Amino acid sequence: MKFNTPTILMCPPDFYGIEYEINPWMSRSQQSNLDVARQQWEALHQLLQTLKAQIKLMTPVKGLPDLVFTANAGLVWKDKVFLSQFRHEARQGETAVDRDWFQEAGFETIEMPDDYFFEGAGDALFCGDTLFAGYLIRSDVKALQWVAGEINCRVIPLQLVDEFYYHLDTCFCPLSETEAIYYPPAFDSYAQQALKEHIPHLIPVVDQEAQRFACNAVVIGKSVALNTGCPQLEKALKERGYEAHSTPLDEFIKAGGSAKCLTLRLDGECAAAWP
């Protein structure tokens, strides 16, 4: 492993904006306020530092407004990174920038096979030693199975059925090896059953809070950083011994992202038991 303490990759939102529409949250007629977005990003950055995370920064690039969502850069596993291969052309330019950053940081970068769409930690999250894999809307199931084969771990594909929850991390958040937050309607019936069978303690999120991206949270030990407006989830977390730290991220929800999308754990998620 490259890091042995909580270490997170972020990218300042210098060139963030709604320049295209590739998910239902995005509308070029409803632009983000860049000044407010900067303030919200800085508040998240400071919060994560307060929670004892070390922050590494990627240099923003003009013309790549979604580079700010570092969760999609790839899937980190020990000293390797499986680089994303984005489905939408608008984001495909990010991969070369991500590759350069990871290589400079000393990671081994692994490319996806041709024609395998894979969108990194947005669709691939460990809970215990199992890789839970969101597929259909952005990532391909065959890509996620290929990654699991390279790591030699069990993979459980979860079909996403709601275009508003297009990445797994918008509707699922592992808290520990045995606990996770999830939004059931985002998954097909098989995926809902698979989650119930493999994760002993699931915290369901209500519709209103799912729309506030309640599941798109950052977990550091017993602390959970998330968007404001999720009181029911905050109460449920407290009952399970977690402390919720809310910070407004509405400017990023306009592009379909929140706290988790804006971060990538470089040392492995707290819920991960890497094989």
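General observations
- For the range 1-96, accessible area per residue (1.4 Å probe, heavy atoms of protein chains only), Å²: 45 Å²
- A Gaussian network model of the chain, with springs between Cα atoms under 10 Å, assigns the largest mean-square fluctuation among Leu67, Leu226, Leu136 to Leu136.
- Working note: 222 nm ellipticity from helices only, DSSP H runs with n ≥ 4, each -39,500 (n - 2.57), summed and divided by the residues of the chain, gives -7000 deg cm²/dmol to the nearest 500.
- Taking the inverse of the mean 1/r over every pair of distinct Cα atoms in the chain gives a Kirkwood hydrodynamic radius of 18.2 Å.
- Simple point charges give the picture: +1 on the Cβ of Lys and Arg, -1 on the Cβ of Asp and Glu, and for the chain a dipole about the Cα centre of about 560 debye.
- Spacing of the two label points (7 Å from each Cα toward its C-beta) at Gln31 and Gln211, in nm: 2.6 nm
- Between Thr7 and Gln54, Leu266, Asp267, the built amide H atoms are under 5 Å apart, and every one of these is 5 or more places off in sequence or on another chain.
- Listed residues Arg91, Arg138, Arg28, most fluctuating in the chain (Gaussian network, C-alpha, under 10 Å): Arg28
- DSSP bridge pairs, the chain: antiparallel proportion in percent, nearest 5: 45 percent
- For Ser223, the amide hydrogen comes within under 5 Å of the amide hydrogens of Glu243, counting only partners 5 or more places away or on other chains and with H modelled in the peptide plane.
- Carbon + sulfur, % of accessible area of the chain - ligands and nucleic acids excluded, 1.4 Å: 46 percent
- Pairs with C-alpha atoms separated by more than 23 Å, drawn from the list Lys80/Lys238; Lys2/Lys52; Lys78/Lys254; Lys52/Lys222, are Lys80/Lys238; Lys78/Lys254.
- Rg in Å to one decimal, and Dmax rounded to a whole Å, for the range 60-193 via C-alpha atoms: 14.3, 43
- HN-Hα J in Hz across the range 60-71 - Karplus 6.51, -1.76, 1.60, θ = phi - 60°, x for Gly and Pro: x, 10, 4, x, 10, x, 8, 4, 4, 8, 5, 4
- Taking Cα centre as origin and charging only the Cβ of basic (Lys, Arg, +1) and acidic (Asp, Glu, -1) residues, the dipole magnitude of the range 173-234 rounds to 120 debye.
The values are calculated or read from the model by the stated rules, or taken from the named source; none is laboratory data. Just so it is clear, the model here is predicted, and its values are computed rather than measured. Methodologically, a virtual Cβ is constructed for each residue, glycine included, from the backbone with ideal geometry; neighbour enumeration extends over all protein chains shown. What goes into the accessible areas is simple: the full protein's heavy atoms, side chains included, and nothing from ligands, DNA or RNA. Shrake-Rupley method; radii C 1.70, N 1.55, O 1.52, S 1.80 Å.
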